[in-house]
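The values are calculated or read from the model by the stated rules, or taken from the named source; none is laboratory data. Worth saying up front: this structure is predicted, and the values here are computed from it rather than measured. With ideal geometry, Cβ positions are generated from the backbone for all residues, glycine too; neighbour counts draw on all protein chains shown. Only protein heavy atoms, including side chains, enter the accessible area calculation; ligands, DNA and RNA are left aside. Shrake-Rupley method; radii C 1.70, N 1.55, O 1.52, S 1.80 Å.
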Amino acid sequence: MQEREVYIVRHGAVENPQKVLYGRLPGFHLSQEGEASVHKLANSFKQRKIEISKIYTSPMERTVESAKILGNVLGVPVEKSEALLEVRCTMLEGRDRWEQLKLYFAHGFNIYSQYYVKKGIEPASQITRRMRKFVDERLRETNGNFMVVSHGDPINLLIWSYVHKDRDFMKSFYLRKFQNYPKKGQAMVLVFDK
């Protein structure tokens, strides 16, 4: 049976001098460090002669910039998709770490709890469904290996959904969220049997 590889890439480091939670806010671009790490990753793919047929990316500036670097180095087309967007978390966006901590201490650290979801945070189950649906559809529609450039939590939820599909999702996810959390400018691979 032939295998297919889906490379999951988290965007590079972002220029964020105020250290706010940027979420879906516009205007957050790759820092020089972020650009360098994505160039390094792209060159690593090229040196290893990893074949990619297409790169799909979230439409946020930081992911598009990361995807364009990867696409230019690898000679692969890039396509944007809203399905790969960052978590919708408008109540937290623009807050600095101190403001976030005050909120977390008052209402809990799990932003996927009912309190936060009722305040407009996108539910983890919804993020997982949109990410999973996107990858599953591309597996059916795209020939060869492909790459997805997205954001930390959506990537973590996607990978969790494939690796731990038989577990009690929310309890297990929150307890393990920070283990193997994707680093900025890092790639992971999911291997599928055809």
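Select from the range 168-194 the residues that are modelled with pLDDT under 55 and open to solvent by 100 Å² or more (accessible area, probe 1.4 Å) and list them in ascending order.
LYS171, LEU175, ARG176, PHE178, listed by residue number.
Please go through the range 22-43 and give me each residue that is open to solvent by less than 50 Å² (accessible area, probe 1.4 Å), farther than 13 Å from VAL9 by Cα and not hydrophobic (A, V, I, L, M, F, W, C), ordered by number.
TYR22, GLY23, GLY27, SER31
Does the range 69-84 include one or more residues that are among the aliphatic types (A, V, I, L, M), open to solvent by 20 Å² or more (accessible area, probe 1.4 Å) and under 13 Å from the mean Cα position of the chain (by Cα)?
Looking through the range 69-84, at least one residue is among the aliphatic types (A, V, I, L, M), open to solvent by 20 Å² or more (accessible area, probe 1.4 Å) and under 13 Å from the mean Cα position of the chain (by Cα).
Identify the residue in the range 45-62 that is under 14 Å from VAL73 (Cβ atoms) and in contact (Cβ under 8 Å) with a residue 12 or more places away in the chain and, among all such residues, is surrounded by the most Cβ atoms within 10 Å (Cβ to Cβ).
Initial filter on the range 45-62 (under 14 Å from VAL73 (Cβ atoms)): 45-52, 55.
Pick out the ones that are also in contact (Cβ under 8 Å) with a residue 12 or more places away in the chain and you get 45-46, 50-52, 55.
Working: PHE45: 19, LYS46: 13, ILE50: 15, GLU51: 12, ILE52: 19, ILE55: 22.
Residue satisfying both the conditions and the ranking: ILE55.
Consider SER66 against the criteria (1) touching a Leu at 6+ places or on another chain (Cβ under 8 Å); (2) open to solvent by 20 Å² or more (accessible area, probe 1.4 Å); (3) within 21 Å of ILE155 (Cβ to Cβ); (4) not β-branched (Val, Ile, Thr): it satisfies all of them except one. Which criterion is unmet?
Among (1) touching a Leu at 6+ places or on another chain (Cβ under 8 Å); (2) open to solvent by 20 Å² or more (accessible area, probe 1.4 Å); (3) within 21 Å of ILE155 (Cβ to Cβ); (4) not β-branched (Val, Ile, Thr), SER66 violates only (2).
Conditions (1) over 30 Å from GLU5 (Cα atoms); (2) surrounded by 15 or more Cβ atoms within 10 Å (Cβ to Cβ), marked per residue:
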{"site": "LEU92", "(1), (2)": "yes, yes"}
{"site": "ARG95", "(1), (2)": "yes, yes"}
{"site": "HIS107", "(1), (2)": "yes, no"}
{"site": "ASN110", "(1), (2)": "yes, yes"}
{"site": "TYR115", "(1), (2)": "yes, no"}
{"site": "GLY120", "(1), (2)": "yes, no"}
{"site": "PRO123", "(1), (2)": "no, yes"}
{"site": "LEU139", "(1), (2)": "no, no"}
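Assuming THR142 fulfils every condition listed in (1) hydroxyl-bearing (Ser, Thr, Tyr); (2) closer than 15 Å to SER58 by Cα; (3) touching a strand residue (DSSP E or B) at 6+ places or on another chain (Cβ under 7 Å) apart from one, which condition is it?
Among (1) hydroxyl-bearing (Ser, Thr, Tyr); (2) closer than 15 Å to SER58 by Cα; (3) touching a strand residue (DSSP E or B) at 6+ places or on another chain (Cβ under 7 Å), the lone unmet condition for THR142 is (2).
Looking at the range 140-151 only, could you name the residues that are at pLDDT below 95 and either under 16 Å from LEU92 (Cα atoms) or not polar (S, T, N, Q) (or both)? Quick ask: steps written out before the conclusion?
Of all residues in the range 140-151, those at pLDDT below 95 come to 140-144.
Hits for the range 140-151 are ARG140, GLU141, GLY144.
Can you report the number of residues in the range 5-24 which are part of a loop (DSSP other than H, G, I, E, B), within 23 Å of GLY71 (Cβ to Cβ) and under 13 Å from the mean Cα position of the chain (by Cα)?
4
For the range 105-118, give me each residue that is out of contact with any Phe, Trp or Tyr (no Cβ under 7 Å at 6 or more places or on another chain) and either more than 21 Å from HIS151 (Cα to Cα) or at pLDDT 95 or above (or both).
Of everything in the range 105-118, those that are out of contact with any Phe, Trp or Tyr (no Cβ under 7 Å at 6 or more places or on another chain) and either more than 21 Å from HIS151 (Cα to Cα) or at pLDDT 95 or above (or both) turn out to be PHE105, ALA106, GLN114, TYR115, LYS118.
Please determine whether any residue of the range 77-97 is of a type in the set (Val, Ile, Thr) and either without any contact (Cβ under 8 Å) to a residue 12 or more places away in the chain or under 30 Å from SER44 (Cβ atoms) (or both).
So in the range 77-97, the residues of a type in the set (Val, Ile, Thr) come out as 78, 87, 90.
With the extra rule that they be either without any contact (Cβ under 8 Å) to a residue 12 or more places away in the chain or under 30 Å from SER44 (Cβ atoms) (or both), the set shrinks to 78, 87.
Yes, the range 77-97 contains at least one residue that is of a type in the set (Val, Ile, Thr) and either without any contact (Cβ under 8 Å) to a residue 12 or more places away in the chain or under 30 Å from SER44 (Cβ atoms) (or both).
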